[in-house]
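Data first, discussion second: the structure below is written as structure tokens.
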Amino acid sequence: MFARFLGSLARQNVAVEFVFLLAILVRLLVGLSSYSGAGNPPTFGDYEAQRHWMEITLHTPVREWYSETPQNNLTYWGLDYPPLTAYQSYLHGLFVSAFEPEAVGLESSRGYETPSSKLLMRWTVLLSDVLVFFPAAWWFVRAYYGGRSGTEQAWALSILLLQPASLLVDHGHFQYNCISLGFALAAAAAIIQEYEVVGSVLFCLSLNHKQMSMYLAPAFFAHLLGRSFQKRRPLLHVIKLGVIVIATFAVLWAPYLSSAEAVLQVFSRLAPLKRGLWEDHVANFWCTTSMLPVRAFKWKKRLSVEAAARLAGATTVTACLPFMWNEIRRPSKQGLIRGMLISGLAFFLFSFQVHEKSILLPLLPATMLALDSPWVVQWLAPIAAFSMFPLLVRDGQALTYVASQVLYLLIANPPPSGLGDSCVWFRLAFPASLIGVVVIHLGALFLEPPAQYPYLKAAAMTSYGFVHFVLLVLYLNKKVFTSRTQLERTLEKKES
Ligand SMILES: *[C@@H]1O[C@H](CO)[C@@H](O)[C@H](O)[C@H]1NC(C)=O
């Protein structure tokens, strides 16, 4: 239905404009809802954290942003993202204080929640999204799907811009993932167009906005290394990219490069080991298996934090090695994006200290593959939003959650005709899986869990998501090794 409608708009050359306007309208509507920690003193939630960083960056010297000082109490929402988030907070702080200085007054503004300041805060997210993620999405669609029809391009764009999990986390819950994800998306677009230096700089910007972008780094690393081996002077090319990466980091970290302690101080804020192997209920391997009645799986009890970090690191790297090996040997544009998806899922499932919102990282490459493997994102996006439901419902997002899930299902199904028929098992398993989602929602709404299992509802939702994510990552790994490149197929045909 939606794809057909886009088709009629595409014939009048207005499909892309329509998708951008729809994406803005939906963001405005989601923004009418509540947000993380609304009216909940003394510490509130992510909204207050972001507002507090504007206050700190606006009123204290840059060298002190990551240090405990009389003005900067790190126990109260100390900055724990890399410097680009701090600079972004500073810019947004200037914007907010131009209209309502009290909203970001030093120390006087804790828990400041006037209607006008909430509107300004929502505007900072919307502007970031429109200025960073929107152009990145359009660039990517043109770079990767340039040869496709207008309808298909507009549909791919609507999948990138209207996937429910990102909408709800940024414009509902309140964060700025659109910036770090937007830079990663732009980096992929640049590399696909063979602007490898520009792509490397953009990916460093993403890493320096949120360290979680590391989830996608193995794919960029393997792809760029594989491409370097195809050049006439591989070593020179690797050194060139290495210098670019170091230079970008140096510029962004400049205020903290005066001493080793200053660097380590920022670093210690970015890797808070003591927060443990996972937080809350998350649909990853460690949290899900620890709920099984098996003593060996009680990770938090059995492993010290250091041992858990080492085990998680080793498992994550192991899960990434197969696709990396393949991509280094045979780099391809699709291999880069598929690699982002596999490494995003591997990090989400196995790495240390994963948060439910981290599913946004593998979701980005899944949406990028919209025209290549539509079924992946048709399926993954609603399941990912579902796996975050325990978090969203705490923020008062139940209504926006239902509305954006339904809207997404209408947009994604069916995809534009001619994308290749989805296989039979998908046509059976997908509706069955959605019925499972509805059944769990209804159960959670009308049944009370037994007293000894107070977290049963959240556990059911995350475990359900976990099963889907594991099956997907196994399937993708299989696919990496069985799908031959076009070249190989041509060669085989010639031989036979
Ligand atoms: C810092 O913030 C925490 C949490 O809000 C509070 O408990 C603590 O008293 C504060 N410390 C100082 C020195 O103000």
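Can you give the percent of C-alpha pairs in the stretch 373-479 whose distance is more than 16 Å? Before the final figure, lay out each step's value.
Details: 3566 of 5671 pairs.
For the stretch 373-479, the fraction of Cα-Cα distances above 16 Å is 63 percent.
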Inset, instruction - May I ask you to order 223-230, 449-456 by the average number of other C-beta atoms within 10 Å around their residues, highest value first? - result: 223-230, 449-456
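When the accessible area of the chain is split by element with a 1.4 Å probe, what percent falls to carbon and sulfur? Don't jump to the answer; show the numbers that get you there.
On the way: 15070 of 22340 Å².
C and S fraction of accessible area: 67 percent.
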Legend entry - Heavy atoms of ASP280 accessible to a 1.4 Å probe, total area in Å² rounded to 10: 80 Å²
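Divide by every residue of the chain the summed helix terms, -39500 (n - 2.57) for each DSSP H run of at least 4, and state the resulting mean residue ellipticity at 222 nm, rounded to the nearest 500 deg cm²/dmol. Could the numbers behind the result be given before it?
Working: 24 runs with 331 residues, N = 496.
Helices in the chain give a 222 nm mean residue ellipticity of -21500 deg cm²/dmol.
In Å, what Kirkwood hydrodynamic radius results for the stretch 14-71 from the alpha-carbon pair distances? Intermediate values should be presented prior to the final figure.
Numbers: mean 1/r = 0.0692 Å⁻¹.
In the stretch 14-71 this quantity evaluates to 14.4 Å.
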Legend entry - All aspartates and glutamates inside 15 Å of LYS240 as judged from Cα atoms, apart from same-chain residues fewer than 8 positions distant: GLU194, GLU196
Inset, instruction - Assign unit charges at the C-beta atoms only (+1 for Lys and Arg, -1 for Asp and Glu), then state the dipole size of the stretch 21-129 relative to its Cα centre in Debye, rounded to the nearest 20. - result: 280 debye
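Given the convex hull of the Cα atoms of the stretch 38-86, what is a quarter of its surface area in nm²? All intermediate terms of the calculation are to be shown ahead of the outcome.
Values: hull surface 13.5 nm².
If I average the Cα hull's projected area over directions, I get 3.4 nm².
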Legend entry - Cα-Cα over 25 Å, subset of LYS300/LYS357; LYS298/LYS478; LYS333/LYS478: LYS298/LYS478
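At 1.4 Å probe radius, can you tell me the per residue accessible area of the stretch 287-366 in Å²? Could the numbers behind the result be given before it?
Values: 3280 Å² over 80 residues.
Accessible area per residue: 41 Å².
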Inset, instruction - Might you work out the accessible area of TRP375 for me, using a 1.4 Å probe with all protein chains in place, and round it to the nearest 10 Å²? - result: 40 Å²
Inset, instruction - Would you mind pulling out the separation of the Cα centroids of the stretch 422-458 and the stretch 212-283, in Å? - result: 38 Å
Legend entry - Residue-count net charge about HIS223 - beta-carbon cut-off 15 Å; Lys, Arg +1, Asp, Glu -1: +3
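Where Rh denotes the Kirkwood radius from the mean inverse Cα pair distance, what is Rg over Rh for the chain?
Working: Rg = 22.6 Å, Rh = 23.7 Å.
Answer for the chain: 0.96.
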Inset, instruction - Give me the number: length gained by fully extending VAL243 to LEU94, i.e. 0.36 nm times residue separation minus the C-alpha to C-alpha distance, one decimal in nm. - result: 50.3 nm
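The values are calculated or read from the model by the stated rules, or taken from the named source; none is laboratory data. Here the structure is a predicted model, which means the values were calculated and not measured. Every residue, glycine as well, gets a Cβ built from its backbone with ideal geometry; the counts of neighbours run over all protein chains shown. Just the protein is used for accessible areas: all its heavy atoms, side chains included, with ligands, DNA and RNA removed. Shrake-Rupley method; radii C 1.70, N 1.55, O 1.52, S 1.80 Å.
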